[in-house]
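To start, the structure itself, in structure tokens.
The values are calculated or read from the model by the stated rules, or taken from the named source; none is laboratory data. Keep in mind it's a predicted model, so treat the numbers as computed, not measured. Note that each Cβ is placed from the backbone with ideal geometry, even for glycine, and that neighbours are counted across all protein chains shown.
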Amino acid sequence: MFPKWFDKWNRDNPRDLYGPAILVGVAGGAVVVAAGLVSFGQPFATESMQTGPRGTGMHVTRFQSAVNTPDPTIAEYFTMAAVPPLDDAERAGDVIEGAEPLLADLSVENYERLIEAMRVWTGIPDLLTPGEENYQTVVARSMIQMTQELNEGWGAHTNNNPDSGNVGVNCYTCHRGEQVPNNVWFKLGPVNANAAGWSANQNRATVQSQFTALPSDALEKYLLENNPINVHDLDARVPRDMANPATIQDTYRTYSLMNYFSNSLAVNCVFCHNSRAFYDPSQNTPQWANASLGILMVQEINNDWLVPITDVFPEHRLGPVFGDVAKVACATCHQGYQQPLEGMDMISDWPELATTGEPVYATAD
């Protein structure tokens, strides 16, 4: 039953039971692993996307299994085609008592479909109930205006997908069916506000620091307070009075922000930066310009749209330390993908959210 060498080994080594057993076990395990790789493929196979000149190491590498696995929230997205209004279409504000003023000029059909979609996207079944005034209604009004502004004023960032045409954003881009979007953030505060010198706001395992020892206030400093991110002088031997005033702590914060970017989009440094000159914007990739727009856009969202309505929210929706409003950053929309929802078209069916002006409805050819 067993090979002759196995029987001979047993005769010559009657007390050594483990040697041949281990050998047979290792050989059998190797056969099983090889058969599995042949049958199911290499589970750790990678796929690289070149971002710069060859030979410079400028490529983003991801596991093929991750690349081939679609964003699971795509399957849960609710949409329906817009209804181009007829010339005699009834105005929602004239027919629906207590209709939302921001949407009152829509036709009845498009008003009802948009309200239904917003309730599904945000997970709030009674959102914008006619005549009902609560904090969710007030917030929804501000978010409608914000979404229109993002699609109209920030199209260079929100529509940056040459392969799929229109992309844009709507409520689902952030909410994904949840009342409070995932990956929002609040101020955390320093570890020890009374410490001499710097406030020692690092060496804590927090979401903002990506569970590293890097500072936990990078999002606050750069995406809320609009502090300069660059910490490098482009010239050597810069006079002291002309040198970049950034401190080593600011450098740590920049690393913290860049680490956050990488995790938010599932990319690495050379997705945006040239590996031969990280400090020189003129040598960066086109993605750097798009990311820079994204930073400005997030700063506007936080400072112009979210912080001003802090007092509207009930206490349980505010931050646990400073009572601040939930704020957004890259991961709020991207959620681990280079493009939110993998570049899915979010506005063609919803022209009401694509512009602050009159919606433009596509007509059948």
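Quick notes
Quick grid of which residues meet (1) at negative phi; (2) not β-branched (V, I, T):
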| site | (1), (2) |
| --- | --- |
| L224 | yes, yes |
| N227 | yes, yes |
| R237 | no, yes |
| D241 | yes, yes |
| T247 | yes, no |
| M258 | yes, yes |
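- Considering each residue of the stretch 27-47 in turn, none proves to be touching a residue at least 40 places away in the same chain (Cβ under 8 Å), surrounded by 11 or more Cβ atoms within 10 Å (Cβ to Cβ) and hydrophobic (A, V, I, L, M, F, W, C).
- Odd one out for L219, checked against (1) in a loop (DSSP other than H, G, I, E, B); (2) modelled with pLDDT of 85 or more; (3) among the hydrophobic types (A, V, I, L, M, F, W, C): (1)
- Selection count where residues are closer than 21 Å to V169 by Cβ and either in contact with a helix residue (DSSP H, G or I) (Cβ under 6 Å, 6 or more places away or on another chain) or assigned by TED's automatic domain parsing to the domain that holds R317 (or both), scope the stretch 101-123: 8
- Just one of the listed residues (A75, A117) is in a helix (DSSP H, G or I), touching a residue at least 12 places away in the same chain (Cβ under 8 Å), closer than 20 Å to G177 by Cβ and small (G, A, S), namely A117.
- Residue selected from the stretch 232-282 under the condition of a type in the set (V, I, T) and assigned to a loop (DSSP other than H, G, I, E, B), by the criterion nearest to D71 (Cα to Cα): V267
Quick grid of which residues meet (1) buried (at least 17 other Cβ atoms within 10 Å of the Cβ); (2) in a helix (DSSP H, G or I); (3) on the phi > 0 side of the Ramachandran plot:
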| residue | (1), (2), (3) |
| --- | --- |
| H316 | no, yes, no |
| G319 | yes, no, no |
| G323 | no, no, yes |
| G336 | no, no, yes |
| G357 | no, no, no |
| A362 | no, no, no |
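- Taken over the stretch 283-314, the residue count meeting the criterion of being in a loop (DSSP other than H, G, I, E, B), surrounded by 16 or more Cβ atoms within 10 Å (Cβ to Cβ) and touching a residue at least 60 places away in the same chain (Cβ under 8 Å) is 2.
- Of residues in the stretch 5-22 being part of a helix (DSSP H, G or I) and at pLDDT below 70, the one surrounded by the most Cβ atoms within 10 Å (Cβ to Cβ): P20
- Candidates D87, D105, D94, D126: the one that is without any contact (Cβ under 8 Å) to a residue 12 or more places away in the chain and either in a helix (DSSP H, G or I) or within 16 Å of G357 (Cα to Cα) (or both) is D94.
- Unique match (being in contact with a Ser or Thr (Cβ under 8 Å, 6 or more places away or on another chain) and either more than 22 Å from T356 (Cα to Cα) or hydrophobic (A, V, I, L, M, F, W, C) (or both)) among T46, T69, T73: T46
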